[in-house]
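FYI, it's all coordinate maths here, none of it is from the lab. Note that the structure is predicted; figures quoted are calculated from it, not measured. Virtual Cβ from ideal backbone geometry, glycine too; neighbours counted across all protein chains shown.
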Amino acid sequence: MLSSHRKSSLLIKRLCSNHKPTPEAIKTVRNLGATDTTNKLTTSLGNQQELFFIDGVSKGSIFFQSNGKHIFETLKNFITAQSVYKYGFQQVETPLLYKKELWEKSGHWGNYKSEMFKVQGYRQIEQGDANETFSLKPMNCPGHAMIFKKKLRSYQDLPLRLFENSPLHRNELAGALMGLTRLRKFHQDDGHIFCRQNQIESELKGCLEFLDLIYTKVFKFDYELEISTRPEENYLGEISEWEVAESALKKILDSMNKPYTINKGDGAFYGPKIDCKITDNNGKKHQVATIQLDFQLPKNFELEYINEAGKAEKPIMIHRAIFGSIERFMAILLDHHKGDWPFWLNPKQLAILPIKVKEPEFIEHAKKLNDFLIKGGNGELVKKSDYHFRSYIDSKDVRVGGRIRDNIVNQRAGFLAIIGEQEIAENKYSFRSRQSRDLQLLTKEEIYEQLKKAEDSFE
């Protein structure tokens, strides 16, 4: 006769095996909305996975629910860490509101005003104070120029790389608003490099290497590059300056053997740019990263640094964003993976399933693991080096086989931890991935180490 421990172990194995989703079910899930647009699919999955929603009370802005906020913050923290600790950017934060005088100086009021939100306080309107007109910032470059100008800079301070991840607002037409891909409020991993003429090539090369690291090695996207040149009208500066800037962009791409196309006349009003585009599963191209060369804003803001000879010179400004809009990039990932998130982004990383949900010892055993994983171990204080996992207990009064299937097929949990009598007796958990039926009997510490490896793999 089998022991109760052995019976428990066999039951778990049988249930895991019998309730593994069929190939047809997996195919159905992965092909969900394959013929839909990216935005229809992301909205559908956004509702299904409780990621985000949009409401008419704030058109063009996102209500992130807990699961979606986890994905958003993970992407945001990831790109911030790469920018600051790998590529030498200094993280800063600038105001959300600026007086129109700043935008007049930068050139945005004359060339970009229709895309901006004009803001006046109620008191100022009542008092008829037209001088107190503000705008929500559509970009961070003027604020970063102000930081550069705050003190006298030396050539030894350059390149100076500033980075910001704060929200931006652009007055998109109501008819152009689409899901996560076209918004009025969004976040951009916004970096600005202030450098010397002879540093342009190395800084552009660093930006392109950063882009390649993120898209090719981490997210495994194929991408294409295009150079957008001087607009026919509404541009700042001399044509000769534009020719120099455009030539610099072509030279660096040629030297790195990176193919590109020319998008004539689509540059920013202050300078030409390199745009990076990736293609989603529906064949639609999305612009993500951008690298822009700017000779104009340093002039407009009268930025200077002191060179080796003790004379004042104007820096060159490079604008770069790797994700571009974080919300748009999230939509592309949602479409690309069809809701099957890589473990490090998954808002449901581990489902904990006690077999007997009405028996307190099963629930208590589940809580031990859940608390341990969420808190990042046993430490009294949360430390920066801790790993924190999105685990949850599924104690619905449903047979464990049904819950296993639900967490694999519907919830898309990365891993499962199942608790039977043997697991309680040995103070362990039967651990498996969503893709595999193989079970490991592990302690909570061993599960923690397994999840750390999965987190660090970016798979």
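Remarks
- Two-site label geometry, LYS76 and LYS149: point separation in nm, points 7 Å out along Cα→Cβ: 2.9
- For the pair the range 73-99 / the range 165-215, the C-alpha centres are spaced 11 Å from each other.
- Separation between Cα centres of the range 263-313 and the range 324-370, rounded to whole Å: 39
- Cβ crowding within 10 Å ranks HIS108, HIS388 as HIS388, HIS108, fewest other Cβ atoms first.
- Applying a threshold of 30 Å to the alpha-carbon distances of LYS76/LYS149; LYS137/LYS285; LYS105/LYS284 flags LYS105/LYS284 as lying beyond it.
- TYR387, TYR85, TYR235 arranged by Cβ crowding within 10 Å, fewest neighbours leading: TYR85, TYR387, TYR235
- ³J(HN,Hα) computed for each position of the range 59-64 - Karplus, 6.51 cos²θ - 1.76 cosθ + 1.60, integer Hz, glycine/proline x: 4, x, 10, 9, 8, 7
- Cα shape, the range 265-316, gyration tensor, a/c 1.5 rule: prolate
- Per residue of the chain, the DSSP helices (runs of n ≥ 4 H) give a summed -39500 (n - 2.57) that works out to -10500 deg cm²/dmol at 222 nm.
- Rough spin-label spacing in nm, given labels placed 7 Å along Cα→Cβ, for LYS383 and ILE239: 6.3
- The chain - charge dipole about Cα centre, Lys and Arg +1 at Cβ, Asp and Glu -1, debye rounded to 20: 1360
- Cα lying deepest toward the dipole's positive end in the chain, options SER240, ILE227, ASN171, charges on Cβ: ASN171
- Once the C-beta distance of ASN263 and LEU213 is scaled by a Förster radius of 22 Å, the resulting FRET efficiency is 0.35 to the nearest 0.05.
- Computed 3J(HN,Hα) for the range 238-253, one whole-Hz value per residue from the Karplus formula 6.51 cos²θ - 1.76 cosθ + 1.60 where θ = phi - 60°, is 8, 4, 4, 5, 4, 5, 5, 5, 5, 5, 5, 5, 5, 4, 5, 5, glycine and proline marked x.
- Rounded, prolate or oblate (a/c below 1.5 giving rounded, otherwise prolate when a/b exceeds b/c) for the range 33-163 by Cα gyration tensor: oblate
- Across the options GLY420, ILE363, SER391, the greatest Cα extent toward the positive end of the charge dipole of the range 334-450 (unit charges at beta carbon of Lys, Arg, Asp, Glu) belongs to SER391.
- Neighbours of ARG184, meaning other residues whose beta-carbon lies under 15 angstrom from its beta-carbon, give a summed charge of +3 when Lys and Arg score +1 and Asp and Glu score -1.
- Gyration tensor (alpha-carbon) shape descriptor, the range 317-397, a/c threshold 1.5: oblate
- Partners of LYS205 within straight-line reach, counting lysines whose Cα lies under 16 Å from its Cα and excluding those fewer than 8 residues away in the same chain: LYS86, LYS250, LYS251, LYS258, LYS273.
- Cβ-Cβ FRET estimate between GLU302 and LYS367, R0 fixed at 51 Å, reported to 0.05: 0.25
- Cα-based helix-to-principal-axis angle, 4-18 vs the chain, degrees rounded to 10: 50
- Cα-projected label distance for ALA312 with LYS59, points at 7 Å along beta-carbon direction, nm: 4.7
- In sequence order, calculated HN-Hα J values of the range 49-54 (Karplus, 6.51, -1.76, 1.60; Hz; x Gly/Pro): 8, 6, 9, 7, 8, 10
- Counting beta carbons within 10 Å around each of TYR448, TYR155 and listing the fewest first gives the order TYR155, TYR448.
- ASP189 long-range amide H proximity, modeled H, under 5 Å: ILE322, PHE323, GLY324, ILE326
- Local net charge near ASN427, Cβ-Cβ under 15 Å (Lys/Arg +1, Asp/Glu -1): -4
- Sorting 254-264, 218-228, 189-199, 415-425 by their mean Cβ neighbour count within 10 Å, with the most densely packed peptide first, gives 415-425, 189-199, 218-228, 254-264.
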